[in-house]
Amino acid sequence: MQERPHRLRRCQLSVPGSSEKMMKKAAEMPIDFVFLDLEDAVAPSEKRAARGKIVQALNTLDWGRTTRCVRINDLGTEYAYEDIIEVVEGARENLDVIMLPKAMSASDVQFVDKLLAMMEKKLGLTKRIGIDVLIEEVEAMMRVDEIAASTPRLECLIFGMGDYSASQGISLADIGGTTGYPGDIWSYQRHKLTIAARANRLDAVDGPFADFKDASAYREECRRAMILGMVGKWAIHPAQVSLAQEVFSPDPAAVAEAREMIRAYDAALADGLGAVQYKGKMIDIASVRIVRNLVRRADRLGL
Ligand code: COA
Ligand code: MG
């Protein structure tokens with residue numbers, strides 16, 4: 001069985017697959033992950049043509065180190081199976097990940113997994129195409145554990161708060177968290193999704209924030225997601241990309257302190273102690289586990 005690849009997802013930029021101009025612009029950006037959209041950013045009249053534009057963009061633009069993903073339409077539409085077939089047959093090794101929106105159950109993800117496996121065999125692809133899944137229906141949130149464990153091909157769970165709000169009956173004004181609801185309106189959903197992701201060694205990513213001119217509100221949403229263990233957030237506009245990549249990059253001073261703390265703990269162990277004082281606070285193996293997460297993220301980014 002192939003190992004899950006370690007991909008960076010500090011920011012996943014959504015780019016309408018109907019826009020050659022925006023795809024070209026996205027390819028030029030230094031960003032971890034781009035998904036070319038066939039779903040909500042593309043009008044029904046443009047969906048079929050967008051498949052060809054996406055294949056062209058994947059095959060001809062220089063994407064550098066950016067992970068290249070395509071978001072297909074959901075499995076309740078007439079588009080989804082041909083989205084996968086046309087994009088994978090057209091782009092082959094130039095596609096890294098398929099994003100599945102509105103997954104309802106583990107069997108939805110398994111359907112995409114099986115179709116991709118058949119195509120990889122037929123086309124002789126050596127690199128396994130990954131799957132990222134959007135959790136954006138109340139049914140999916142209820143079954144998030146089952147979805148997270150559905151297939152080893154799955155790499156990431158994304159919380160899609162726009163559709164999710166509609167599904168749960170939350171009003172539009174509440175999405176940005178500005179209506180005075182006590183506490184963070186997404187605390188429960190972000191926790192639940194991140195726990196399911198971590199328990200299955202998947203990445204957890206936070207979805208879109210529509211008010212792209214409000215940098216400080218966006219940064220705050222990134223920070224909340226990051227504190228809970230999410231690895232990144234969506235961008236819907238270029239202005240959001242560097243904000244997310246900054247918030248989800250480990251702070252060099254914190255990484256240096258983490259490495260120092262690990263050394264202090266190792267020295268304590270060598271003296272036969274399991275808990276010691278470090279900068280006036282108690283540290284033990286649990287503190288070291290927490291900061292090792294930070295060091296691992298820094299290592300992955302070469303910091
Ligand atoms: N990807 C790549 N380029 C983008 C972009 C994106 N998501 N959003 C905007 N741009 C480009 C624009 O084309 C424009 O390029 P230019 O300066 O060369 O003309 C530049 O960035 C500045 O854009 P701006 O004029 O501020 O906004 P706009 O009116 O062109 O676009 C949106 C605003 C919201 C329509 C656009 O950002 C968008 O389509 N976002 C993605 C929507 C989406 O994917 N939704 C589904 C997922 S939630
Ligand atoms: Mg959606």
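Charge tally around LYS281: other residues with Cβ under 14 Å, Lys/Arg +1 each, Asp/Glu -1 each, net -2. Sorting the segments 136-145, 252-261 by their mean number of nearby beta carbons within 10 angstrom, highest to lowest, gives 136-145, 252-261. Calculated mean residue ellipticity at 222 nm for the chain: -14500 deg cm²/dmol, from DSSP H runs with n ≥ 4 weighted as -39500 (n - 2.57), summed, divided by the residue count and rounded to 500.
Computed across the chain, the Kirkwood radius stands at 20.4 Å (inverse of mean 1/r, all Cα pairs). Remark: the Cα gyration tensor places region 157-303 in the prolate category, a/c being 1.5 or greater and a/b exceeding b/c. Beyond 26 Å in Cα-Cα separation lie the following of the pairs LYS102/LYS233; LYS122/LYS192; LYS233/LYS279: LYS122/LYS192; LYS233/LYS279. First measure r as the distance between the Cβ atoms of ARG263 and GLN110, then evaluate 1/(1 + (r/R0)^6) with R0 = 45 Å and state the FRET efficiency to the nearest 0.05. FRET efficiency, ARG263 to GLN110: 0.50. When only alpha carbons are used to place a centre, region 17-55 and region 199-272 end up 27 Å from one another.
Given a Förster radius of 30 Å and the C-beta distance between GLU46 and MET119 as r, what FRET efficiency does 1/(1 + (r/R0)^6) yield to the nearest 0.05? Here the calculated transfer efficiency is 0.80. Where both bridge residues fall in the chain, DSSP classifies roughly 10% of the beta bridges as antiparallel. Just checking the listed ones, GLY229, GLY160, GLY274: in the Gaussian network model of the chain with Cα springs under 10 Å, the one fluctuating most is GLY274. Largest GNM mean-square fluctuation across LEU273, LEU123, LEU61, computed for the chain with C-alpha springs under 10 Å, falls on LEU273. Just to verify a number: FRET efficiency for ALA286 and ILE195, C-beta to C-beta distance, R0 = 22 Å, to 0.05? The value I calculate is 0.80. As a ratio to 2.2 N^0.38 Å, the alpha-carbon radius of gyration computed for region 252-301 takes the value 1.12.
Every number here is computed from the coordinates shown, using simple stated rules; none is lab data. As the structure is a prediction and not an experimental result, all values here were calculated from the model. Counting neighbours? That spans all protein chains shown, and the Cβs are built from the backbone with ideal geometry, glycine included.
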